[in-house]
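All remarks here apply to the structure that follows.
Derivation of every value follows stated rules applied to the coordinates shown; laboratory data play no part. Values in this document were obtained by computation on a predicted structure and should not be read as measured data. Cβ atoms come from the backbone with ideal geometry, glycine included; neighbour counts cover every protein chain shown.
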């Protein structure tokens, strides 16, 4: 139906990536006295070269997101929407997935939207807590929907979906997948379905999933702003490249395509792994920018850290997915995601060395200074590119605030993330060696981690500190290293890490004591909470084309 695009967007992305990276590397290495460098200095340069992949990747997404319509991939929702329908039947189910994190207000919103579209609504409940199971049952009795439960949690979320596929999948052409904190309007789902029936090769349609929070704090507000900017830059670039990653929720999925690859991969990182298999079978994924849906950001630091640890654990083996082929843009996205997570470990190696070692040959010329300014400018200022978008979250003031508080919370998170990467890598190496032993059939046990959706008050500052051992150990440890090494002035290299790590327990404690859910939305009684991200807009308007045009 669509011939393969000329690879111009891919050339732009790869060219901007290599141009930025090689330019920065040239500035770093061109006047470097290689013969005089110590082994420590060479190792530092190696780490810096690896870290330079991050701003180069960001820069390539920035450039690709700015391509004019005439130069982007022709495979997009606008062009597909102009094609004649290939089939008329659209049997759609909405699957609301939960594991001890049922959120009645979100579920109530979603089921009301399902009724408007005449969609079937299923709650896939893997909850083990009796109080949550009872809450789900009350919801189902009140709203007359089906609850799907299993005797085991094999395969976790992917297993729950596969179980539903066995029992009910043959009755539907598509299903729209929701997390417990997802909100999807009938208009968004119908728009996805209208695209799907015009190209039967489409297996996944990922919506424009924007974030909200019902617990506004410094952390959650900054997370909302950064995620909105991410969608307008990274995800916009993926759209211009004619494909999209699948984020595991808020997406329309074709049942027959999923059957063709044996269902969801029942492992961690099931979203990327399943998409890779779909691409290998010739199916396609597309980004529906006009279909705006919503999800909540993690409500506090500890929840955000838990999610980051899960992502980092999955990222260790993420490059293995490249063996399935698929769109080059998705392969680049996976590579960039891997380098982003691994950069935490590289930074944790770099900071102590920069603090303790004397590096006279590395930072003594202007070229290195220029390269450093280039990389830091891209890393710090990339969200500002989204200021061109008319979104209540994307203002200069909110971006500046999110940059400051996002750094205060996320810089210390490098320590536990690095530890998770080290533990996962070691576990996989040991597991691979064990598989070489004859008769040993054990494989690495996968652990499924659910990001907490609620927050709780911390009893004391010491209780918070006890949960932040890795963060505090790095902050205090770097100070001790600098003092013992008689290079206290070198602490300037690690100042952000040290200051944020020491301040973190107080920030987490204060916000846990001060947070309150936002007030009820009086204009729409059936919806529990008004979103923080746009207090002058209510959920009724979020479903209208006007707000979709505003946010695009």
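Table for the structure above
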{"read-out": "Ranked by how many other beta carbons lie within 10 Å on average, peptides 138-151, 77-90, 10-23 from highest", "value": "10-23, 138-151, 77-90"}
{"read-out": "Relative contact order (%) - criterion: Cα under 8 Å, at least six apart; region: the stretch 233-366", "value": "26"}
{"read-out": "Residue-span extension gain [residue 11 to residue 151] - 0.36 nm each, minus C-alpha spacing", "value": "45.4 nm"}
{"read-out": "Counting DSSP beta bridges with both ends in the stretch 70-174, the antiparallel % (nearest 5)", "value": "0"}
{"read-out": "Relative contact order %, the chain, counting alpha carbon pairs below 8 Å whose residues are six or more apart", "value": "19"}
{"read-out": "Sequence ranges 27-38, 309-320, 174-185, ranked by mean other-Cβ count within 10 angstrom, highest first", "value": "174-185, 309-320, 27-38"}
{"read-out": "Modelled FRET efficiency - R0 35 Å, residue 381 with residue 108, Cβ distances, 0.05 increments", "value": "0.30"}
{"read-out": "Computed helical MRE - 222 nm, the chain, DSSP H runs ≥ 4 contributing -39500 (n - 2.57), nearest 500", "value": "-16500 deg cm²/dmol"}
{"read-out": "Pairwise centroid distance, computed over Cα atoms, of the stretch 215-234 with the stretch 392-441, Å", "value": "19"}
{"read-out": "Relative packing of peptides 205-216, 344-355, 394-405, 502-513 - highest average C-beta neighbours within 10 Å first", "value": "205-216, 344-355, 502-513, 394-405"}
{"read-out": "Pairwise FRET efficiency - residue 483 versus residue 170, Cβ, R0 = 60 Å, nearest 0.05", "value": "0.30"}
{"read-out": "Residue 395 paired with residue 29, simple spin-label distance in nm, labels 7 Å along Cα-to-beta-carbon", "value": "4.6"}
{"read-out": "DSSP beta bridges in the chain [antiparallel fraction, %, rounded to 5]", "value": "25"}
{"read-out": "Equivalent ellipsoid semi-axes, the chain, via Cα gyration tensor eigenvalues times 5, rooted, Å", "value": "39, 28, 25"}
{"read-out": "Linear extension gain, residue 22 paired with residue 81, 0.36 nm per residue minus alpha-carbon span", "value": "17.2 nm"}
{"read-out": "Extension gain from residue 49 to residue 473, taking 0.36 nm per residue of separation minus the Cα-Cα distance", "value": "150.0 nm"}
{"read-out": "Sites residue 495 and residue 433, calculated FRET efficiency, Cβ-Cβ separation with R0 45 Å, nearest 0.05", "value": "0.65"}
{"read-out": "Rounded to 10°, Cα long-axis angle of helix 301-315 versus longest principal axis of the chain", "value": "90"}
{"read-out": "13 Å reach of a label modelled at residue 503, 7 Å along Cα-to-Cβ, counting backbone N of the stretch 378-420", "value": "401-412"}
{"read-out": "Helix axis angle, 414-435 relative to the chain longest principal axis, alpha carbon, degrees", "value": "80"}
{"read-out": "Taking the stretch 169-257 and dividing mean pair separation by its residue count, relative contact order in percent (alpha carbons under 8 Å, at least six apart)", "value": "55"}
{"read-out": "Between 0 and 90°, nearest 10: helix 495-514 axis offset from the chain longest Cα axis", "value": "40"}
{"read-out": "Rounded Å value of the spacing that divides the Cα centres of the stretch 246-317 and the stretch 325-346", "value": "15"}
{"read-out": "Label-point gap, in nm, between residue 513 and residue 280 - each point 7 angstrom along Cα→Cβ", "value": "5.4"}
{"read-out": "Residue 40-residue 423 pseudo-label distance in nm [points 7 Å out on the Cα-to-Cβ vector]", "value": "3.1"}
